[in-house]
Every structure is written in structure tokens, then in C-alpha cells.
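Read through the structure below, which is laid out as C-alpha cells, and then see the notes.
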Amino acid sequence: ACIRTFLDRLGFMEVETPILTKSTPEGARDYLVPSRVNRGMFYALPQSPQLFKQLLMVAGFDRYYQIVRCFRDEDLRSDRQPEFTQVDLEMAFVQENDVMGVFEEMMRHLFEEILDVRIPSPIARLTYHEAMARFGTDRPDMRFNMELIDLSAMAAQSDFKVFKGAIETGGSVKALCVKGGAQAYSRKSLDELASVAQNAGAKGLAWVKVNDGGKWQSSIAKFFSEDDKNGINKEMGAVAGDLILIVADQMNIVNEALCALRLKVAKQQELIRSGEYAFVWITEFPLLEYDEEAKRFAAVHHPFTSPFEEDLDRLDKEPLNVRARAYDLVLNGSEIGGGSIRIHRTDLQEKIFHTLGIGSREAQSKFGFLLDALKYGAPPHGGMALGFDRLVAIMTGAASIREVIAFPKTTSAACLLSEAPSRVDSAQLKELGLQVAPELLLES
């Protein structure tokens, strides 16, 4: 009710979009629904109302919203369910700041009305590359400090082969400074931190306890000159009593390992205060990533996200360096919403499909209704969706979104109450023109 009142006041129109729709690739797997009337054909449950809300913009609805149920057939985690609720909106004739401004105002309104908490204005912003460099993730928890520091240049000058080898193979050396951590962490607890790093893919964890006068207590101390040690202490902001944690590997592994360590240490050192809420916007994501399994490019968000105009020339020769006009809203280290400025030109949409390896025939088959609509002229438009369940879980202090959903699914996507999913009568299958594979019948 609070959200509806807020959006109604801003002139948004609530429109319900179809639940039985067409299967289109948007990242996760679709839940498919067989059609009895059109045997051998299938509906899909919507992962989001993305295409419908874009069509509403073409049709002249300049401000749409919907509190909508969405479905994604993906592996479950504490912040993920196969069916969930989104606060979804789209706006015509807007830039990034317009959409982000509406959501900022919505967050301030919600937190003041419901929790009597004032959210700082404006909400801080980081580009994707800034977030990865400083926190090792595009979902940084901003409730505490402790940033990643790149020591690659200094490590390259040392005699430590592990560090030099990582750098020579295109990797990096980065570190965290745990204030007062020298006394807090025993050898056993440091071994436990090493396991955290290894679980994230790192080969190991180097550590340094900084003693009086900046002296190092560490197995790697002998590989560094006194000048290098002092330089690293200065770069890390480390003083007597501090602990430095260092990981050397390929950049993605270094970031993932140090991000995991940062969160682990913050919990152990009680750096995160309960009842505190820290928002941050992440912007300028890469438009594309390379899918090693499929051997082709894939959209980081979805294929309808607009690239930066000044990056269009890079699409053919360096597509991985093209930035997306996309933005995510992160709260306490959890992505609670995301959106983008959309592609509103047919020629650009077709070019993106081509870059993604989606041929003309496949594009027409899966997205023909959108491409046809764009030919009639679409306004520049953009939008965003907010994960309502995730937001409620964070606001209530719940450890999992299952705690704020009335009838949640288990980690195996099963409903304990109704025992769904379940077998169905053979007559129902025959009516739909379906049959279960024999090996699946044997499993039951």
C-alpha cells in the first residue's frame, strides 16, 4: 500500500501483464507450461514483464508500474526463490538519473514510513570497475570500511616467486588491512581464513602481522626489503597491531577471495552494526560477457539494455569493453534492484542480437513482436525492478527470504505443504500430448 500510494502520487499507472507468455532467453531458465489447445506448444511463466512494459512505452503509456509475481527456474539460495515478487516500473523519455531518482525517493519514503529510518541523500554511486577494484564485488556491503588495496606494483619488486608469478601471468596481488587484527587472530584462526580464500578459488593466503616500528611477523617477510615493507605498510595504512591479508592470483579469483575474507572478518570483528542500512548504486556495468560453455557472448543483464552511445564503435572489435547503461541498487551487500535504459531503435537491437549470436530468424521467432513494435517508433525509455522479498527480508532482519514468504519453497524448489512438484495422472499427460521419459518413471 505504501509503494502504491507513492507511485500513484508520481503519476504512474498500474498495469497487469500476462502470466502465460512466450519463452524468451533472459538469463535464467523458464518454467514452461504445456498448452492443451495448441498441443506440442508451450507457454512460459514470466521471469519479468520486461518486453510487455517496453511495449507499453511504445503504446504511449509514459509511466507504468506493477507489483508482479515472477518465476525463474534456477538454483536456490538464501536470497533466491523460484517464484518471487518484483516492484516493476518503466518510464518514457528518461535518462538514468530520472529512474534512479524515483527509486531513491521510494527508498527514503519506505524507510521513513515503516522503520522511521532516514536514508542519506543522495545515495552514493560507484561504477562497476570502481566497486570491483575497491571491494572485489559488484554488491559491496558499505556498512563498514576495509577496502582492497592493489599491491601488484610493489609485489613485483619483491623476491617472492608466488607474487611475481601471479603478476607475470596477468594476475594481481591485492590485500586487506584488518585494524587491530594482529592480536585477534591466532595461527589457527589464520588457517581458517586461508580456507575461506581457498574455497573462493585462491591457492592460498599470505598474512603479515605488523609489530612495533612497522616490523613484520610473517613467513614471507624474508622476501621483502625493509623499504618494501615500509612502503606496503604505508599503502595499506597499517600500523602496529594490524593484520594484512594478501592474495595473489588471477584478478577474478583475487577479488572473489578477498571479498569473502572481507565479509568473514567483518562478522568476526563485529564491524557490522544491527539496524544499520547502507545503500549504494553500481553503474556502468559491462554490456557483455563471454560464455565459455556456449562459446559466444552473453548479455550481462539482458539483451534489451542500451550500450553507451560513445561505446558503439567498440561493438565489433572489442565488445567486452562496451559499457551498459545499467544500474543496480545494493543494500547491505545484497542487490535489491536493477534496471537500465533500454534499446529503442530497431537497428541497434538487431545489432545486439547479432553480437549475441542470435540470428535474424531466431530473433524474429523469439522477439518479433518487439522488433515490429520498435519499427513504428519507440520513445527513449528505461526502468527498473525491485526485489520486494529481498527488501522485506533486509528490513525485518530476516536471514533468508523464506522467512518473509508465506509458503516458501525449499532449496530443492519443493513445497513442503502441498508436496509440489508431483506426478500427474497419465490422462492429463495424454490430453496435453506429453509423456514422461521411461528413465524418469523408474526413478519414482
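The values are calculated or read from the model by the stated rules, or taken from the named source; none is laboratory data. Values in this document were obtained by computation on a predicted structure and should not be read as measured data. Glycine gets a Cβ as well: all are built from the backbone with ideal geometry, and neighbour counts include every protein chain shown. To get the accessible areas, we keep the full protein, side chains included, count just its heavy atoms, and leave off ligands, DNA and RNA. Shrake-Rupley method; radii C 1.70, N 1.55, O 1.52, S 1.80 Å.
Key figures for this structure:
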| read-out | value |
| --- | --- |
| Test for LEU434: is it open to solvent by 90 Å² or more (accessible area, probe 1.4 Å), modelled with pLDDT of 90 or more, part of a loop (DSSP other than H, G, I, E, B) and of a type in the set (A, V, I, L, M, F, W, C) | no |
| Residue, farthest from the chain's Cα centre (by Cα), within the range 60-96, restricted to residues that are open to solvent by less than 50 Å² (accessible area, probe 1.4 Å) and polar (S, T, N, Q) | GLN66 |
| Residue within the range 289-303 that is open to solvent by less than 20 Å² (accessible area, probe 1.4 Å) and modelled with pLDDT under 95 present | yes |
| Test: residue in the range 107-127 that is modelled with pLDDT of 95 or more, open to solvent by 10 Å² or more (accessible area, probe 1.4 Å) and within 26 Å of TRP207 (Cβ to Cβ) | no |
| Failed condition for GLU403, given (1) in a helix (DSSP H, G or I); (2) in contact with a helix residue (DSSP H, G or I) (Cβ under 9 Å, 6 or more places away or on another chain); (3) open to solvent by 50 Å² or more (accessible area, probe 1.4 Å); (4) in contact (Cβ under 8 Å) with a residue 24 or more places away in the chain | (4) |
| Residue that is farthest from ARG314 (Cα to Cα) [pool: residues in the range 343-353 that are surrounded by fewer than 19 Cβ atoms within 10 Å (Cβ to Cβ) and in contact with a Ser or Thr (Cβ under 8 Å, 6 or more places away or on another chain)] | GLU350 |
| Residues located in the range 218-232, provided they are open to solvent by 70 Å² or more (accessible area, probe 1.4 Å) and over 38 Å from the mean Cα position of the chain (by Cα) | LYS222, GLU226, ASP227 |
| Wholly within the range 292-393, strands (runs of 3 or more DSSP E) carrying at least 3 residues that are of a type in the set (A, V, I, L, M, F, W, C) | 296-299, 326-331, 381-387 |
